[in-house]
Amino acid sequence: MTMINQYRKLADELARDVSSQNGSGLVKQLIQTGLLQVPTQAVNNLNRIQTEDRVGIWKINAENEEYVRDQSTSKDWPFWSALAGFKKQKTGKRFLFLGESVARGMFYDPIYTPAKVLESLLNTQLDEDVEVLDFAKTNASFETLVEVAQGAKCLDADGVIIFAGNNWLKGEGYLKSFEDALALSSEYKEQGPAAIKDAIERGIAKNIESLVDTLEETFTSQGVPLYWVLPEFNLTGWKEITQYPPSSIASTDQPLWHELRDEAMQLIEQGQFEASLDVIKKMEQGDGGLAAQTQYIAAQAYKQIGDDKAYKEALERARDAVLLNTQMRLVPRITNHIKQTLTTELSRVEAHIIDLAKVFNDSLDLPVAGNEVFLDYCHLSSTGIRVSMAALAQRISHQVQGDDVHIAFESALAPCADTESSAHLLAAIHNAHWGQDIDCVEYYCKKAVQYNASIVDTMTMLMEVQNVNVPTWMNKPTSELLEKACTQIQRYITSMEFKCLDTTLCDGFVKAAQEVGQDISAQLLELQIQQHAVEVKGQHDLLDPYYHVDAFCNTQMVEGVSKFDYYNALSPVSEFDFVSKGERHLSLNITCSSKLANKGVTAAVQVKVNGESVGKIEVGQTWSTAQLDIDAMYIRSGVNRLTLEWPEEHRINTGVIEDNCAMLQARQLPILSPVFGEIYSMTLA
Amino acid sequence: MDNKNQFKPSNVIVGISFGYHDSSCCIMKDGELVAAVQEERFSRVKNDKSFPQQSLRYCLEVAQVTLDQVDCIAYYECPEKKLSRQIWMGIQKGASAHYKAKVAAQLTQPSPMDIIRQKTGYSGDIEIVEHHLSHAASTFYFSGFDEAAVLTVDGVGEWSTTSYGKGAHSKLELFEEVSFPDSIGLLYSTVTSYLGFKVNSGEYKVMGLAPYGKPRYAKQIRQLIELKDKGQFALNMKYFAFLQQECMYSEELIKLFNTPAREPESAILQFHKDIAKSLQVVLEEILLEKVRYLHEQVPSKNLCMAGGVALNCVANGRIKREGPFENLFVQPASGDAGTSLGAAAVVYQRRTSKRPSSEKLKSVLLGPEYDSTYIKNLLVSSNATFEDFSGNEEGLLNYVATQLADGKVIGWFQGRMEFGPRSLGARSILADPRGEEMRDKINALVKKRESFRPFAPAIMEDKVAPHFDLDTDSPFMLETCQVKSSLYLPAITHVDNSARVQTVNPNYENRFYKLLSHFNRITDCPILLNTSFNVRGEPIVCSPLDAIMCFVRAEIDFLVLEDFVLSQEMVPELWKVGVLNTPISKQSDEKSIGHAVYSFM
Ligand SMILES: [Fe+2]
């Protein structure tokens, strides 16, 4: 036999063995045990080399020692401050301002920013002229902070401010760097999802340590003081999209947990708060404290009892629980674990910590922060910006001049009414796109109108842009909008590629317009029917993200993003919107399944339109297709809501732990949220 | 409550290819090919290789079936055999550490079947059809020949690189194959790479370059490959490095030609043209010899060809003229995209013992179409200025033909999109072929490409004789022939006086035929320059929105979307800004981020 044939025979045999059921398991085990080495993907490495000649998007011009924006990075400019350039040499005192979108002053930026507020406060306070270089970047990651810090080393700063900590929860990234995937999967098998939470937190802690090392090396060891503004989260104003216990802990306990939840909510309704806490304890035994929903119910009880501390802690647990929600996009946030780790790490470099939770309590008497200081989950209102910058300026002044002045936040710069109005409109859009309810959206819309009644025109144009499902640049009203709207809104619109029917947002616009005596509801209805009515389109795809998505965090089946090309129901009730003329019956065509079902067993999915039951469809473990006729009497003219209530019988899943172990071993983020049903296609005609 | 399954049509077969290059999907209903499309057209990722999820959804929609009504998914190659070849490469002496690591990683990758099931939740049957059998079936079953000899030639699939087969009625069998690493496709790709073009996509550029050269290096090229008994041949591996390194050719090849490899995008010298010509000549020699061998084994009148090498239309022309077979059918989607068709056909035959189709493939218009109502809504919703010719086809055709005669370039978007690599009048850029400057204008503006490549002519089928030396129809542009027209046709005539002709049939490309006929009426020229509707690096346009973006980006004079005409002069400023900010082709890494995101979150 020739050499080539020998090798070929060997290769054939090996391929056959590997392709067999046992073989693939064996190879996986060999790799997991490290006996067979497979190179892992690049692990997080925070100490990337930074070229000396740039800070963020600014590059030094060697001739005149001036930094200017580098044209080659122009795509990134909207993420940074609008600063055109700065000199390498300082004239008076110089502070560097690093951070994330909160530090940018999102919704006010570029007209009004925290860095500008700080600069004006320090200029009033300090004897020398003060310059605050704004290097904060929207979306900044650990790596961004490290790069900017290293690039800014040569700028001879008198102090470095970092306002960050919200952008560090990225589960998958940490998973890739786990050296021992096998160990993690067995930990998970024993301890449940808590093991994954620990592992992700270990990854975060490692990054924080590495970041602080860089800051020490570049600044504190050189005598440049470090001021860290520790962000806070909008605990009372922000509501997570309903969270269920991770499927794997719940397994057979899922139905019980649902019963307990109903009981607890009932007790609260009846005013029996102490009794509800007992039931909540039982829920926690089932969900390990990792279900946001349990914590929200607990918070409700504590609030009624008047226990502020327990109320706040429950809300914090709800905020932190979503760390394990691997199926949705998370909004940025700082968790207790991050706060504690960062505080500990910063103490070794003697950094000044400005803890916003404490600042808000001290200055505004807010033990639990809410919409008074926030525009969404973490971005600050102008009051929030002024209070935090006043506290920061006070600390800097004390450090620089040793004085003990009190800086009242009322002395800080405030934005004009127009800017406030635009910021609140953007906040309304953002809250709507991240799943907040009509109360929240309406609140910000109305505020926007209160600041400036003519913002209703902008709202109307936005309504048109969002309701036409073509790229924004193709929309008729876009050019008009770009002409009339202020810079913040222009920037937002041109970078916004997310479109959906936006019913909550448009309803918010309608309500706000009413406040100033304008009725845009008929215009909205006409637009919706003309653009989206099932009768106009002929066939309507309910799974089109444009229609099934009411919140950005809920997007599914987005090509290239979603793991599955079908819709996963992440709550027991799935909701979809459609527009109809309401004149005739419609036919629903659906291909769905419930993988939690036992083989051969089917159960019924209840279908409702606008809350009224219109029929049932059978689901089993595999795809099946059904048609359902919806009588005209259930359908109204305008936006209708179709809901699917997945069968209660299908809430038990035993295979999920095994599946997740396999995913962990493959260094993939496991699926911890329960899935109540699946839909491959769903149309109305 | 109805259960749709009661009305289930029998035999719904989905053919799928993905994981290597140009993913595609097709659907066959009761043996009839209903739809076929490449994923890149939807995803806008050039040569997208990922699971063709949007193509699958499109195919189901056209066939009016749901996923649970699919009887079987046919997958185009055998993963185990492919893995065997990959392992074999990994255990070669001198295999790079990098390649070994890749093979090791491959061992734990999910199988294509796992990916199909995970991505779609599909729980029905999946059948595997070997790569070259898929190629063979994609040509024989769609050839209309009752019996034929079959030749498939590509780079490599599993182990095979060339196969010889025989089809009769519903039966198709392969009786001989040539195994990796001996491969005509890889020989061609290696020289392509040496000439500074991209492997897997630059091969057609080499073919286009060949007529400018002389076969001065044919002797050296012949040293790269040794012809053997029967259907066999062997590469002389000392000139090839692809078994050991991340490079196709070895130092020995550079020594052989005594010239370093051309840097991509650098100047093309006479030497490069001579190499291209030499390669083309040797390729034709080898193919002709092996075609003669095949004819000895299968003495039929008919030959069917597929596989990437069958896209070499110059060689096809010679095989037809000089080879022993009277008739030649080449699968229009001969590359790997076409394997989904073959896989589906084989599975249909396996499950029913019937031949999927006895007719010759008449048209490749198997992709999505967008009706006038949809397009009108899109245009009305945007701030476009456009002419509406609804209900006035005569007016539309006159208008467009007049603009063409006036030297204008037209983006032409009509009906269902073509399957396969060629634009054939459904998603085409059209121009007058008679002007010297037309070629340069389109090359510079639209294609932003090397100027040596000529464009292809489309001609009314019944007007071929005075213009081209072509004895049969050529609806898929798969052969070249000599130009004999009395008209001066510089934009479509190659330096060797050849052209790659598409003959347009009034029954299958009705509106395109009518346009040619109107153009002929005005100019006495029944020919138009026809090139694919895309810019360099972009997949061919699929939707009206894709077409609008390409029209704006390439500054094409007019865009015809079904019954509507847009003029470049009327394009709003904001569109230009929007298009400028949209990438020509999405990159795979961008794909993983997705396009429905805020740029600041
Ligand atoms: Fe192939």
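The values are calculated or read from the model by the stated rules, or taken from the named source; none is laboratory data. Just so it is clear, the structure is predicted and the values come from calculations on it, not from any experiment. Ideal geometry is used to build each Cβ from the backbone, glycine not excepted, and the neighbour counts take in all protein chains shown.
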* To do: Pick out the one residue from A:Glu187, A:Glu128 that is within 30 Å of A:Gly288 (Cα to Cα), surrounded by fewer than 24 Cβ atoms within 10 Å (Cβ to Cβ), more than 22 Å from the chain's Cα centre (by Cα) and free of Cβ contacts under 8 Å to residues at least 60 places away in the same chain.
  => A:Glu187
* Candidate set from the stretch B:120-146 (those that are more than 13 Å from the ligand (Cβ to nearest atom) and β-branched (Val, Ile, Thr)); member that is farthest from B:Gly308 (Cα to Cα) -> B:Thr120
* Asked: Filter the stretch A:578-606 for residues that are assigned to a strand (DSSP E or B) and surrounded by fewer than 21 Cβ atoms within 10 Å (Cβ to Cβ); which is nearest to the other protein chains (Cβ to nearest Cβ)?
  -> A:Asn589
* Enumeration of residues in the stretch A:623-639 that are in a strand (DSSP E or B), more than 7 Å from chain B (Cβ to nearest Cβ) and within 30 Å of A:Val601 (Cα to Cα) -> A:Asp629, A:Ile630
* To do: Count, please, the residues in the stretch B:1-22 that happen to be within 14 Å of another protein chain (Cβ to nearest Cβ) and at pLDDT 95 or above.
  => 3
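For (1) more than 16 Å from A:Leu527 (Cα to Cα); (2) without any contact (Cβ under 8 Å) to a residue 60 or more places away in the chain; (3) within 14 Å of another protein chain (Cβ to nearest Cβ), each residue gets a yes or a no:
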| residue | (1), (2), (3) |
| --- | --- |
| A:Asp439 | yes, yes, no |
| A:Tyr443 | yes, no, no |
| A:Lys446 | yes, no, no |
| A:Ile455 | yes, yes, no |
| A:Val468 | no, no, yes |
| A:Met474 | yes, yes, yes |
| A:Glu480 | yes, yes, yes |
| A:Thr487 | yes, no, no |
| A:Gln490 | yes, yes, yes |
* Asked: Of the residues that make up the stretch A:570-591, is at least one in contact with a Gly (Cβ under 6 Å, 6 or more places away or on another chain) and at negative phi?
  -> no
* If you go through the stretch A:281-291 one residue at a time, how many are surrounded by fewer than 24 Cβ atoms within 10 Å (Cβ to Cβ) and on the phi < 0 side of the Ramachandran plot? -> 5
* Asked: Assuming A:Asp439 fulfils every condition listed in (1) at negative phi; (2) charged (D, E, K, R); (3) modelled with pLDDT under 90 apart from one, which condition is it?
  -> (3)
* Asked: For B:Ser250, which of the numbered conditions (1) under 22 Å from B:Ser201 (Cα atoms); (2) buried (at least 23 other Cβ atoms within 10 Å of the Cβ) fails to hold?
  -> (2)
* To do: Show the residue pairs that are 6+ apart or on different chains and have beta-carbon atoms under 9 Å apart, the first residue being within the stretch A:146-163 and part of a strand (DSSP E or B), the second being among the polar types (S, T, N, Q).
  => A:Gly159/A:Gln399; A:Val160/A:Thr218; A:Val160/A:Thr220; A:Phe163/A:Ser388
* Looking at the stretch A:101-111, which of its residues are at pLDDT 95 or above and touching a Cys at 6+ places or on another chain (Cβ under 9 Å)? -> A:Val102
* Considering each residue of the stretch A:590-604, count those that are at pLDDT below 95 and under 31 Å from the mean Cα position of the chain (by Cα), and give that number. => 4
* Determine, yes or no, whether B:Leu174 is over 30 Å from A:Val675 (Cα atoms) and touching a Phe, Trp or Tyr at 6+ places or on another chain (Cβ under 8 Å). => yes
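Per-residue answers, yes or no, for (1) of a type in the set (Asp, Glu); (2) under 17 Å from A:Trp646 (Cα atoms):
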residue: A:Gln530; (1), (2): no, no
residue: A:Ala533; (1), (2): no, no
residue: A:His540; (1), (2): no, no
residue: A:Asp544; (1), (2): yes, no
residue: A:His548; (1), (2): no, yes
residue: A:Phe564; (1), (2): no, no
residue: A:Ser574; (1), (2): no, yes
residue: A:Ser580; (1), (2): no, no
residue: A:Leu586; (1), (2): no, no
* Does the stretch B:316-326 contain any residue that is of a type outside the set (Lys, Arg), within 16 Å of the ligand (Cβ to nearest atom), in a helix (DSSP H, G or I) and modelled with pLDDT under 95? -> no
* Single match in A:Asn469, A:Asn475, A:Asn431 (criterion: buried (at least 23 other Cβ atoms within 10 Å of the Cβ), at pLDDT below 90 and not aliphatic (A, V, I, L, M)) -> A:Asn475
* Output yes when any residue across the stretch B:264-279 is part of a helix (DSSP H, G or I), crowded, with 20+ Cβ neighbours inside 10 Å and out of contact with any Lys or Arg (no Cβ under 9 Å at 6 or more places or on another chain), and no when none is. => yes
* Does the stretch A:111-139 hold any residues that are within 14 Å of chain B (Cβ to nearest Cβ), over 14 Å from A:Ile161 (Cα atoms) and either in contact with a Lys or Arg (Cβ under 6 Å, 6 or more places away or on another chain) or among the acidic types (Asp, Glu) (or both), and which are they? -> A:Thr138
* Asked: Quick one: how many residues across the stretch B:298-315 are away from the ligand (no atom under 16 Å from the Cβ) and not in a helix (DSSP H, G or I)?
  -> 6
